[in-house]
Number of protein chains: 2
Amino acid sequence: MPFNERIEGLRAALAKLGAEAAVITSLPNVRYFCGFTGSNGALLVSGQSVTLFTDPRYTIQAGLEAAAQVVVAKGPLETAVEKKLGVYRRIAFENGRISFRSMVALQKAKGEWLALDDTCEKLRMVKSGAEQAAIRASVELNSAALEEAMRQFQVGMTETDLAAEIEYRMRRAGAEKAAFATIVAFGKRSALPHAHPGAAKISGRGLLLIDMGAFLNGYASDMTRMAHLGTVPAQTRKLFKAVHEAQLAAIDRVRAGVTTASVDAAARKVLEAHGYGKAFVHSTGHGLGLEIHELPRIGKKDKTRLEAGMAITIEPGAYLEGFGGVRIEDTVLVTTTGCEILTPTSKSLMVL
Amino acid sequence: MPFNERIEGLRAALAKLGAEAAVITSLPNVRYFCGFTGSNGALLVSGQSVTLFTDPRYTIQAGLEAAAQVVVAKGPLETAVEKKLGVYRRIAFENGRISFRSMVALQKAKGEWLALDDTCEKLRMVKSGAEQAAIRASVELNSAALEEAMRQFQVGMTETDLAAEIEYRMRRAGAEKAAFATIVAFGKRSALPHAHPGAAKISGRGLLLIDMGAFLNGYASDMTRMAHLGTVPAQTRKLFKAVHEAQLAAIDRVRAGVTTASVDAAARKVLEAHGYGKAFVHSTGHGLGLEIHELPRIGKKDKTRLEAGMAITIEPGAYLEGFGGVRIEDTVLVTTTGCEILTPTSKSLMVL
C-alpha cells in the first residue's frame, strides 16, 4: 500500500513540526498522498484519518481513485475543509502552494497554523522503485517520440510543425500529455532558453534546439537535444563541444552524498573555462516526478545532498544573443556509486 | 497601444482602491498588462511606471516583448520587487493568485497591503476587438482540428489515440498548445465529466464525449461535442435531446444586461424538466481568453451582468453513473442583442 507509507512519512514530519493535522492543497501532493488525479482537490491528514475534499464533477472519479474518505463539497473547498478543522489546535498548511486568499478562508478555523514549507516536496525527492520504473518508462517514451518525429523532419517545416509532430508521437505512444510546452527553436531563436515554437521555418543554416518531456502514468521525463541544419560553423562546434563537456562533467559528479551545488559547479567550471560562463544563465538541473520541476534544485546555491533514488535532470546550456544557443539535457537516476543515465538518445549534434 | 489602455484601466482601479502601486504576480495578468509571455515574471505598476521583473533566462525575450522597464533578478522575484517598494505606502496585491509564502516575502516592505481580489480578472472580462478576433481564430482552428481528427477516426482506436490526433491537428494548424488536456471519454467513462483519456478502445457501442480547446496567439477556445458508436439506444437519445435543449435555452438567454445566474438557470430548468436536474453536476459555463477559465462564471449563484464583448462558454451536461454522459459546449460572444455563436461545428450527435 504505497499511500499508507507516504501518509506515514507525512505524519512523521507533522509530529516533528508539532502539528496534529495537515491541509494539503496542491494537486501533485494530493495525488502523491492519496492517488486522486482530478483538477480540484484538498486533503486533510490527521493522525487517524485521511479525507479528500473535491467537487461534484469528481464524485465518481474520487471514489475510484482516492485512498481516502471522500467529501464532495458544493462551494469552495477551503470552506468545506475549514468546517472539519475545529478539533485540531495545530494545523500545518502548504504556505508555498496555497494562495493568500485561500489561506484567509482556511484561517477562519482558529487553530495555530504551521508552515509546511517544502516538507511534502522533500518527502517526494527520493523515488520508490515503482516511481523509478514510471520515470524510466516516461523517459524511454520521450526518446522514442523524438526518434519518430525526426523521421518526419523536412527542411522548411515550421518550429510549430515539428513541436506538433513531437507531441503527437508522445501521445500516440501512450503519454497523457507533454510535460511542458515542447521547445523547438531554430537559428538565433535557440539563444532564447525557453522559446515558444513559432511560425519560423526551419531552413537555411543554424542550430536547432529541441527540449521535450512527456507525462506517462503521471510521471515526467525531460530531454534536450541539439541538431544543426547545414554545414556546422567553427563557432557552433566550439559552443556545442563546451556544453557537451560541461554536461558530462556534471553527470560525472552525480553520486549519493554529493551536494547539488557541486554538481552545478562542475558544469559551470567547464563553461567558464571555455569562456561561456556568462552565457550559462540558468541552473544545471532539477528533480522531476509527478511534476516536471521538483526538488532538488541543481543550482549554484543549493546544498541538498543527493540520495540514491532521486531522479534529476542535468542540463547545462550556453546562449549567445544574435547567434544561437546550445543545451544538452538528460534525465538521470542517482545511485550510491554514481548515476544511471536514463535517457537513451545519443547526445551528438544531429546534422540535418 | 493596447497595453497603455490596459494599464490606465488598472490605474483607475487602483485609484478607487486607494493604492499607489500594484504588484501583479500571475502570469496571465502580467501578459495582459505588458505583453510578456515568459514563465517567470512579476509586474510593478505605479502611477508613473511599469516595471517587469524576470530572471536571466528571459533577458532577451523580455526586451523584445514587454511594454515595461525590465529588471532581471537573480534570486526570487519577490525579493527584487520588495526592494523597489519602499517609496509606496499603499500597495495592492493579487491575493487570489500569490502564494502565502511569496506574500510573506513581499510583506517585508512595510506598506499597507490591499487585496486586489478579482480586480484584474474583471478588467479582462470584456474583450477588445483584437482579443475577440483572436478568440474567434482560436475557435475556428479548434473546430477545424476536430473535423480533421475525426477523418482519422477508426473503430478500435484508444481514447488516447484520438486525443493525440486532435491535439496534433491543433498544433499543425498553428496552435501553441492544447488549452487543457483534451478529454476523450467513451462509453461509461463519458459519465466522468473530466475524464482523462485512457487506453480503453473506442469500440462496441456507446457515447463518445470530446472536450477540446486550443491556444492560438495566446487566446483560448473550448468546445465539447458528442458522438455515438453503433445504434443509439432510446435512453441515449433522450439524454442527448435534453442536454441539447438545455444548451439552446441557455444560449437563447445570453444578452448584454442579463445575469449569468439566469443563463445557468435557463439550462438547469430544462434539465430538471427532463428529470436530469441532479445529473447536471457543474455550472453552465465560464469566460475564456488568455486563460481557459476566466470570469465571468456562469453558475447558479453568479450575479455578474453580461456585457457586450464578453467571450463565454455555454456547456450544460448530464452524467449518469454506469451509463454515460452528454455535454455540449460552444464558445459565444455576448452582444447587445444576444450573442454570436463562434463555434461553427454542428452540435448533432455524430453517429460513427
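The values are calculated or read from the model by the stated rules, or taken from the named source; none is laboratory data. On a predicted model such as this, the values are computed, not experimentally measured, just so you know. Quick reminder, even Gly has a Cβ in these numbers, built from the backbone with ideal geometry, and neighbours come from all protein chains shown. Note: areas computed on protein heavy atoms with side chains; ligands, DNA, RNA excluded. Shrake-Rupley method; radii C 1.70, N 1.55, O 1.52, S 1.80 Å.
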Fill in: Between the range B:260-304 and the range B:306-352, the alpha-carbon center distance in angstrom
11 Å
Practice prompt. Would you grab the residues whose amide H sits under 5 Å from the one on A:T158? Only those 5+ places off in sequence or on another chain, please, with H modelled 1.01 Å from N.
Written response: A:I202
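If the only charges are +1 at each Lys and Arg Cβ and -1 at each Asp and Glu Cβ, what is the size of the charge dipole of the range A:3-123 around the Cα centre, to the nearest 20 debye? It would help to have the intermediate numbers written out before the result.
On the way: 15 positive and 12 negative charges, 64 e Å.
Its charge dipole is roughly 300 debye.
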Fill in: In nm, spacing of pseudo-spin labels at A:A115 and A:E272 (7 Å Cα→C-beta vector)
3.1 nm
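What is the calculated FRET efficiency for B:H293 to B:L352, with r their C-beta to C-beta distance and R₀ = 35 Å, to the nearest 0.05? Mind showing how you got there, number by number?
Values: r = 30 Å, r/R0 = 0.85.
That gives a FRET efficiency of 0.70.
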Worksheet item: Can you pull the mean other chain C-beta count within 10 Å for peptide A:161-167?
Response: 4
Discussion item. So, for the range A:129-351, what is the accessible surface per residue at a probe of 1.4 Å, expressed in square angstrom?
Written reply: 37 Å²
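Which of the trypsin sites (Lys or Arg not before Pro) across the range A:151-217 are loop residues per DSSP, with 14 or fewer other Cβ within 10 Å?
Details: sites: A:R151, A:R169, A:R171, A:R172, A:K177, A:K188, A:R189, A:K201, A:R205; in loops: A:R205.
Counting only loop positions with at most 14 other Cβ atoms within 10 Å, the trypsin sites (Lys or Arg not before Pro) in the range A:151-217 are A:R205.
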Worksheet, complete the sentence: Distribution output for the range B:129-351: share of Cα-Cα pairs per 10 Å bin in percent, first bin at 0, values 9, 36, 37, 17, 2
Discussion item. Can you give me the orientation-averaged projected area of the convex hull built on the Cα atoms of the range B:73-153, in nm²?
Written reply: 9.3 nm²
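Compute the relative contact order of chain A as a whole-number percentage, counting only Cα pairs closer than 8 Å that sit 6 or more residues apart in sequence.
Details: 789 pairs, mean separation 49.3, N = 352.
Reported as a whole number, the value is 14 percent.
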Worksheet item: Ranked from the most accessible area to the least, with a 1.4 Å probe and all protein chains present, what is the order of B:V258, A:V72, B:V270?
Response: A:V72, B:V270, B:V258
Practice prompt. Could you sort the residues of the range B:260-305 by number and keep only those whose accessible area is reduced by 20 Å² or more in the all-protein-chain setting relative to the chain alone, 1.4 Å probe?
Written response: B:V281
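Assuming R0 = 22 Å, what is the FRET efficiency of A:T231 and A:D252, from their Cβ-Cβ distance, to the nearest 0.05?
Numbers: r = 31 Å, r/R0 = 1.42.
Efficiency, rounded to the nearest 0.05: 0.10.
Please state the charge dipole magnitude for the range B:210-352, taken about the Cα centre, from unit charges on C-beta atoms (+1 on K and R, -1 on D and E), reported in debye and rounded to the nearest 20.
With only Lys, Arg, Asp and Glu charged at Cβ, the dipole is about 500 debye.
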Worksheet item: With every protein chain kept in the model, how would you rank A:C120, A:C339 by accessible area, 1.4 Å probe, largest at the top?
Response: A:C339, A:C120
Worksheet, complete the sentence: With every protein chain in place, the accessible area of A:H196 for a 1.4 Å probe, in Å² rounded to the nearest 10, comes to 80 Å²
Item to complete: Return, ordered by residue number, the residues of the range B:35-77 whose backbone nitrogen is under 16 Å from a label point located 7 Å along Cα→Cβ of B:K108.
Response: B:73-77
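Carbon and sulfur together cover what percent of the accessible area of chain A at a 1.4 Å probe radius? Write out the running numbers ahead of the final one.
Details: 7250 of 13900 Å².
In chain A, the share of accessible area belonging to carbon and sulfur is 52 percent.
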Worksheet item: Restricting the count to DSSP beta bridges whose residues both fall in chain B, what percent are antiparallel, rounded to a multiple of 5?
Response: 75 percent
Discussion item. Please compute, for peptide A:190-202, the average count of beta-carbon atoms on other protein chains lying within 10 Å of each residue's beta-carbon.
Written reply: 3
Worksheet item: Heavy-atom accessible area of B:M226 with all protein chains present, probe 1.4 Å, nearest 10 Å²?
Response: 0 Å²
Worksheet item: Which of A:V334, A:V281, A:V30 moves the most in a Gaussian network model of chain A with Cα springs under 10 Å?
Response: A:V281
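For the protein assembly as shown, go through all pairs of different Cα atoms, get the mean of 1/r, take its inverse, and jot down that Kirkwood value in Å.
Details: mean 1/r = 0.0376 Å⁻¹.
One over the average 1/r among Cα pairs gives 26.6 Å for the protein assembly as shown.
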Discussion item. So, taking all protein chains as they sit and a 1.4 Å probe, how much accessible area belongs to A:V87, in Å² rounded to tens?
Written reply: 110 Å²
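Given a Förster distance of 22 Å, report the FRET efficiency between B:V72 and A:K300 from their Cβ-Cβ distance, rounded to the nearest 0.05. Display every interim value, and only then the final one.
Numbers: r = 16 Å, r/R0 = 0.72.
That pair, B:V72 with A:K300, gives E of 0.90.
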Item to complete: List, largest first, the extents of the alpha carbons of the range B:226-352 along their principal axes, each in whole Å.
Response: 42, 28, 26
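Can you tell me what share of the DSSP beta bridges in the protein assembly as shown is antiparallel? A percent to the nearest 5 is fine.
Working: 87 of 113 bridges.
Beta bridges within the protein assembly as shown, antiparallel portion: roughly 75 percent.
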Worksheet item: Given labels modelled 7 Å from the Cα in the Cβ direction, how far is it in nm from A:T79 to B:R90?
Response: 2.9 nm
Discussion item. Can you tell me the orientation of helix A:2-17 relative to chain A, as the angle in degrees between its alpha-carbon axis and the longest Cα principal axis, to the nearest 10?
Written reply: 70 degrees
Discussion item. Closest beta-carbon to the B-to-A rotation axis: which chain B residue owns it, and what is the separation in whole Å?
Written reply: B:Y168, 2
Practice prompt. Considering the options A:A144, A:A164, A:P76, tell which one lies farthest towards the positive end of the dipole of the range A:44-200, charges being +1 on Lys and Arg and -1 on Asp and Glu at the Cβ, about the Cα centre.
Written response: A:P76
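Write out the trypsin sites (Lys or Arg not before Pro) in the range B:23-81 meeting two conditions: DSSP loop, and at most 12 other Cβ atoms within 10 Å of their Cβ.
On the way: sites: B:R31, B:R57, B:K74; in loops: B:K74.
Passing sites in the range B:23-81 are B:K74.
How shielded is B:173-180 by partner chains, expressed as the average number of their Cβ atoms within 10 Å of its Cβ atoms?
Numbers: counts 2, 6, 2, 6, 11, 4, 0, 2.
Average per residue, whole number: 4.
Need one number: buried accessible surface between chains B and A, 1.4 Å probe, both sides summed, DNA, RNA and ligands left out, in Å² to 100.
Working: alone 15740 and 15710 Å², together 27830 Å².
When B and A are taken together, about 3600 Å² of accessible area is lost.
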Response to the item:
Using alpha carbon centers only, the range A:43-73 is separated from the range A:183-253 by a whole-angstrom value of 42 Å
Item to complete: Could you order A:K83, B:K347 by accessible surface area, starting with the largest, using a probe radius of 1.4 Å?
Response: A:K83, B:K347
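Divide by every residue of the protein assembly as shown the summed helix terms, -39500 (n - 2.57) for each DSSP H run of at least 4, and state the resulting mean residue ellipticity at 222 nm, rounded to the nearest 500 deg cm²/dmol.
On the way: 20 runs with 240 residues, N = 704.
Estimated from H runs of four or more residues: -10500 deg cm²/dmol.
Subtract the Cα-Cα distance of A:Q154 and A:T259 from 0.36 nm times their separation in residues, and report this length gain in nm to one decimal. Could the numbers behind the result be given before it?
Details: separation 105, 0.36 × 105 = 37.80 nm, distance 4.31 nm.
Length difference between fully extended and current span is 33.5 nm.
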Worksheet item: Rounded to two decimals, what ratio of Rg to Rh does the range A:3-123 give with C-alpha atoms and a Kirkwood Rh?
Response: 0.92
Worksheet item: Regarding the range A:116-223, what is the average projected area of its C-alpha convex hull, in nm²?
Response: 7.8 nm²
